[in-house]
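In what follows, a single structure is set out as structure tokens and then discussed.
The values are calculated or read from the model by the stated rules, or taken from the named source; none is laboratory data. Everything quoted here is computed from the prediction, not taken from an experiment. We place every Cβ from the backbone using ideal geometry, glycine too, and count neighbours over all the protein chains shown. Each accessible area value is taken on the protein alone, full model and side chains, heavy atoms only, with ligands, DNA and RNA left out. Shrake-Rupley method; radii C 1.70, N 1.55, O 1.52, S 1.80 Å.
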Amino acid sequence: MIDIFKLVEPIISLFIGSLHGHRENSFKIPEEVLSQLRKILLLTALLAGSLVLFLLGMSYFIERLLDQLDSGAFHFSNSLIFLTVFMLFSLIGIFYTTKKSVWKSVFDKIPEKEFAENNVQNHAQLETAISLFILDVVKERELNREKTASATEQQG
């Protein structure tokens, strides 16, 4: 039984935020990434839980409804009202977790100024790499021309 807790401990500690004891020096994850990962996991768990609860509520609702229709007397009982409210709350959870703004709020942690500076720096590095590649190709072609010219002079 204790082995099961050892298997589940990293997952629980990730949700709680106390993963510091399990990290090695060579594998450090920034706190911002861990925070975003926790939010993603919580949203995914909320979505899966809401879907499961909605489907369970729907199956019980259909079962109760069919039982009442089979007995010949249909009326909204307390169980049907409870199941309707239960499914409504589950749908609210599903709609909340599938909203685009909720997911964008998880990834909107990078300030625009920092993103722009990184983008300019990456663009400059890309330009430098392309220009070095072009210069290398040009020099290689010049060397090939010189080799072919010297080879034709030796033959002729």
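Below is a table of values for the structure above.
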item	result
Cβ crowding within 10 Å averaged over residues, with 69-82, 32-45 ranked highest first	32-45, 69-82
Area accessible to solvent at residue 98, 1.4 Å probe radius, in Å²	80 Å²
Heavy atoms of residue 9: accessible area, 1.4 Å probe, square angstrom to 10	90 Å²
Accessible surface ranking that places the most exposed of 145, 64 first, with a 1.4 angstrom probe	145, 64
Förster-model FRET efficiency, 25 Å R0, residue 9 and residue 32, C-beta, rounded to 0.05	0.60
